[in-house]
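These notes concern the structure reproduced below.
FYI, it's all coordinate maths here, none of it is from the lab. Predicted model, so just to flag it, every value in this text is computed and none were measured. We place every Cβ from the backbone using ideal geometry, glycine too, and count neighbours over all the protein chains shown.
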Amino acid sequence: MKFTWFNLMPWPYLPDDFREKNRSVWVDIDSNLYDPVRGHVVYNDYLDLLEYADTLGFDGVGINEHHQNGYGLMPSPNIMAAALTRRTSKAAVVVLGNSIALYNPPIRVAEEFAMLDVMSGGRLVAGFPVGTSMDTNFCYGQIPALTREKYAEAHDMIIRAWTEDKPFAFNGRYNKLRHVNIWPKSLQKPHPPIHIPGGGSVETYDFCIDNTYSYSYLSFSGYLRAKALLAGYWDQVVKRNAPDTSPYRAGFAQTVFVAETDAEAERLYSEHAFYFYNRCLHVFAGFADAPGYRTVKTIQSGALNQYGRPEYPKLTWKDLVDGGYIIAGSPETVRQRFEDLIKGLNVGNIFLLLHVGNMPKDLCMYSTKLFAEKVMPHLRNMWPDYDDDNRFWCSPLAERAQPAPLGPDFAPALTSATQPQMVPAK
Amino acid sequence: MIENKTVQTPKGMVEYLEGGTGPDLVFLHGTGGVTADSPFLKALATKYHVRAPFLPGYGESEDNPEIRDMLDVTLHTFDVLDALGVSKPILVGHSLGGMVAAEMAAVAPNDVDRLCLIAAAGLWIDTYPVPDMFSLLPRELPEYLFHDVAAGTALMTSNVSMSDPKFLIPFLVRNARQLGMAGKLLFPIPERGLKDRIHRIKARTVLVWGDSDRMFPAPYAQAFKAAIKGSELVSVPEAGHMVIVEQTPAVMAAIGRLG
C-alpha cells in the first residue's frame, strides 16, 4: 500500500454565513475574504503538516493545483513541492498535478517536474490532470471543446521532452517549438511515475491503461459512492487487455478523522467536516461543467459531475459517516473501514485527506499521528501479490543529499581537497 | 413549409432547413440553434427562398473536430453555400450567426453584398462586458434573452424536465455538442478579432437590435454601426436578444430594406 498525506490547503477563515452571502467558493469567490497576513501563517502551518507526515512514515506527501479557489490555495503546486523537497527526506513528493493544458508552452511542466525530481533525489510522483472545468475553462479561459486536444498535445510534448536524448522540433497545433531540449532532465528514467486524476471520463480510463499510468479518483463523496465508477475503470482494464489488474493502477482520495473513540471523533472533528462540505464545496452549478468540457461519450455513460450539487448542507455527521463520505472514529473503526475501501475499490494508492476544512494544526497532527501509528501499520500488507509492482511509484536514489545543518555554530570548513590553490606565476 | 435536408461539404455532412420562394436568403442561427417550426423562419419563407444551415454539432450536422476557430467556421460556411449552390444571397445572422456572417463579409467582401446582422456577437467593449453566457443556469437565461421575461421563460421551459434522466442525458449531450461548438467562437469572451477586419465589409448592411437586449446591449449596436461604413441600425422596441422571436414583423421589415 502507498499512503499519501494529501493537503488541499483550504482557506480556514470562510465566514459562517459564507453559503448565504456567496454563490461560489470557486472562480468568482470574494477576494476580500482572503487575508495575506493570515495566509502567511496558513501556508507555513500547511507545510508543517506535510513535513510532519514525512516524519511519521507516510509514503507520500501530496498537493494539487487549483485556481481562484477558497479550498485550494495552490495555484502553483510546484512551489509547494519545491519547499517540500528540503524539509522532507523520505516521502514521495506527489504533485497531483499540473494541469498541463494550462501551461504555455507545456515544456514548462517538463522542466519544473524535472527540477523537482532532481532536487528531491528522485522522489517525484507526477500528476497530469485535465483540470476541473472551474479551473481550466472558467478561470484559465481554455475553450472547453478544445481542452482535451490541447491536453493530449501537451502530454506528448512533455513525455518526448523527458525521454528523447537529442534536441527535437515539436510542430503541434497549439505549440510550435523549434528546439526542445530541456535542462535538467528528470532523475527517474525514463521519467517519473505518472498519476492521472479523473472523474469518470471513459477516455481517461483508456489513456491510463494504454500508458501504464495510475488512475486517481479524487472524490469528496467517499468510497461507497466511488464503487460504481471504479468498477467501470476495472472493467475497462480487463476489456482493454491490460496485462494485470494491479491495485496500484488506481488511487482514491478519502477524507478521514481518527480519535481515541468514535464519540471523540465526532466531538473533535464534526465542525471541521461541516466546514468542508458546506463551505468549501459550495460551488456555483454554472461553473461545474462548461458545455463541451466533458465528451459526449462520457455524458452518455451517465457519469455526473461531483461539483455543483446541492445535497451536502443537509448531511449530518451520521450521514457523512454512514454514507462513507468520511471515515471517522477510533483506530479500529477506521482500520475496518479502510479495509473495506481498499478491497472494495481494489486500490493500492490512498490519498488521505487528514486535514479537512478549518482544522487547526495541532488537532490535525493528533489525527495524523493516530492514523500513522494505530491504523496504517495494520493496512500495510493488503496486496502481497503486488509488493514488487514499482511502476506507479517513485524510485529515489539510495544516497540523497541533505540540507546542510546551518545555524549559529555552523562554520564553513575547508578541507585539503577544497583549499584554494595558488596559481604559479608564469 | 420548411423542410429538413442535408448536404455534403468538405468538412462533413451539414443539415439545413429550406423553404419558401423568392430571392435567396441564408439565415445563420444563434447559439440556441433553429428548428423547422421557428415562426421567424416561416415568416422569412413567405418572402424569400430560405436556407438555414446548422453549424457542426447542431441537429444532424456532423461534429467536426477539425473546425476549431473563427476562420475554420467562416470558410466552412462559404463551403456550405457552395454546396447549396447559393451565390451572393441576402446573408442574415442572429447572435453567434451574426458573428459568422460579419466575418464572412469581412473576409470576402466581394462575395457578400447584402448583410443583416441581428443582435450580433463578435465585438467586445470593456465598459459593457457581455454576460458569461456559458455559466448561466437554464433558469437564468430568459432574463438575458427576452424583453418579456415571463413569456420567454414559458417558451424555454415547456417540455423541459431536468429531474428526469431520460430527458436530462439527451439534453446534456445536445448542450455539449451545440454549446461545445459555439464555445469555440464565444468562450470565454465572444471576440475573435472581428474589430481588426470589420472595416473590410462592403455589403449593404442593416443592423437589427432589440432595445432590451441584455446579452449584447445597445452600445454593441452602436459599435457595429460605427465600424461598418454606411450601415443602418434598426432599433426594435419591446424586444430583447431574441428579437427575432419577440418582434418578428419588425425584423422582417428591416431585412426588407436590403431589397
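Here's the picture: charge each Lys and Arg Cβ at +1 and each Asp and Glu Cβ at -1 in the range A:2-386, and of A:VAL296, A:THR316, A:ASN278 the one pushed furthest to the positive end of that dipole is A:VAL296. Normalised size of the range A:255-393, defined as Cα radius of gyration per 2.2 N^0.38 Å with N residues, equals 1.21.
Please give the per residue volume of the convex hull enclosing the alpha carbon atoms of chain B, rounded to a whole number of Å³.
Values: hull volume 30.3 nm³, N = 259.
Enclosed volume per residue, from the Cα hull, is 117 Å³.
A simple charge model with +1 on the Cβ of Lys and Arg, -1 on the Cβ of Asp and Glu and nothing else charged puts the dipole of the protein assembly as shown at about 1300 debye relative to its Cα centre.
Computed 3J(HN,Hα) for the range A:139-146, one whole-Hz value per residue from the Karplus formula 6.51 cos²θ - 1.76 cosθ + 1.60 where θ = phi - 60°, is 8, 9, x, 6, 6, x, 6, 9, glycine and proline marked x.
Dividing the alpha-carbon radius of gyration of the range B:30-166 by 2.2 N^0.38 Å (N being the number of residues), what value is obtained? Don't skip to the answer; put the middle values down first.
Working: Rg = 16.6 Å, N = 137, 2.2 N^0.38 = 14.3 Å.
Here the Cα radius of gyration is 1.17 times the empirical estimate.
About the centre of its Cα atoms, the range B:3-256 shows a dipole size close to 440 debye [charges on the beta carbon of Lys, Arg (+1) and Asp, Glu (-1) only; nearest 20 debye]. Couplings 3J(HN,Hα) for the range B:233-249, derived from phi with the Karplus relation 6.51 cos²θ - 1.76 cosθ + 1.60 (θ = phi - 60°), are 10, 10, 8, 10, x, 6, 9, x, 4, 8, 4, 5, 8, 7, 9, 4, x Hz, where x marks Gly and Pro.
Take each residue in A:293-300, count the other chain C-beta atoms within 10 Å of its C-beta, and the mean is 5. Extending 7 Å from Cα along the Cβ direction at B:SER161 and again at A:ARG391 yields two label points whose distance is 4.7 nm. In this simple spin-label model, placing a label point 7 Å from the Cα along the Cα-to-Cβ direction at both A:ARG178 and B:ILE125 gives a separation of 4.4 nm.
Residues whose amide H lies under 5 Å from that of A:SER216, counting only those 5 or more places away or on a different chain, are A:ILE196, A:GLY198, A:GLY251; hydrogens are built 1.01 Å from N in the peptide plane. In the calculated pair-distance distribution of the range A:153-242, the portion above 18 angstrom amounts to 56 percent of the Cα-Cα pairs.
What translational diffusion coefficient, to the nearest whole µm²/s, does the range B:16-82 have by Stokes-Einstein, given a Kirkwood radius computed over alpha-carbon pairs, a temperature of 10 °C and 1.306 mPa s viscosity? Present the calculation step by step, with values, prior to reporting the outcome.
Working: Rh = 12.6 Å.
For these conditions, the coefficient is 126 µm²/s.
Over the range A:1-114, the pair-distance histogram of Cα-Cα distances with 5 Å bins from zero comes to 2, 11, 20, 19, 18, 15, 10, 4, 1 percent, rounded to whole numbers.
Here the calculated FRET efficiency for B:ASP113 and A:LYS239, from their Cβ-Cβ distance with R0 = 45 Å, stands at 0.20, rounded to the nearest 0.05.
Taking θ as phi - 60° and the Karplus parameters 6.51, -1.76 and 1.60, the scalar couplings of the range B:36-48 work out to 5, 8, 5, x, 5, 4, 4, 5, 4, 5, 6, 10, 10 Hz in sequence order, x denoting glycine and proline. Distance check, please: which entries in A:LYS2/A:LYS166; B:LYS47/B:LYS195; B:LYS11/B:LYS88; B:LYS42/B:LYS88 exceed 29 angstrom between their Cα atoms? Among A:LYS2/A:LYS166; B:LYS47/B:LYS195; B:LYS11/B:LYS88; B:LYS42/B:LYS88, the Cα-Cα distance tops 29 Å for A:LYS2/A:LYS166; B:LYS47/B:LYS195. Of all alpha-carbon pairs in the range B:120-201, indicate the percentage at a distance above 16 angstrom. Counting every Cα pair in the range B:120-201, those more than 16 Å apart make up 65 percent.
Just to verify a number: FRET efficiency for A:GLU264 and A:ARG38, C-beta to C-beta distance, R0 = 35 Å, to 0.05?
Values: r = 29 Å, r/R0 = 0.81.
Computed FRET efficiency for A:GLU264 and A:ARG38 comes out at 0.75.
Taking a ≥ b ≥ c as the square roots of the eigenvalues of the Cα gyration tensor, an a/c ratio of 1.5 or more together with a/b no larger than b/c marks the range B:142-259 as oblate. Where the alpha-carbon atoms of the range A:74-228 are placed on the principal axes, they occupy 46, 41, 30 Å, in descending order.
Quick one: order A:VAL95, A:VAL238 by neighbouring beta-carbon count within 10 Å, fewest to most.
Values: A:VAL95 28, A:VAL238 10.
So the residues, fewest neighbours to most, are A:VAL238, A:VAL95.
Modelled this way, with points 7 Å down the Cα-to-C-beta line, the labels at B:ALA36 and A:GLU399 are 8.0 nm from one another.
Backbone amide hydrogens, once placed in the peptide plane, bring A:ALA92 within less than 5 Å of A:GLY60, A:VAL61, excluding anything fewer than 5 places away on its chain. Among A:ASP135, B:ASP164, the order by Cβ neighbours within 10 angstrom, fewest to most, reads B:ASP164, A:ASP135. Using helices alone, I'd like the mean residue ellipticity at 222 nm for chain A: each DSSP H run of four-plus residues gives -39500 (n - 2.57), total over residue count, nearest 500. So the helix-based figure for chain A works out to -10500 deg cm²/dmol. Estimate the FRET efficiency between A:VAL296 and B:GLU3 by the formula 1/(1 + (r/R0)^6), using the beta-carbon distance for r and 30 Å for R0, to the nearest 0.05. That gives a FRET efficiency of 0.65.
Dividing the convex hull volume of the alpha-carbon atoms in chain A by its residue count gives 186 Å³ per residue. How about A:LYS361: which lysines have a C-alpha closer than 16 Å to its C-alpha, ignoring those fewer than 8 places off in the same chain? Filter leaves A:LYS369. Going by neighbour counts of Cβ atoms within 10 Å, the residues A:LYS361, A:LYS239 line up, fewest first, as A:LYS239, A:LYS361.
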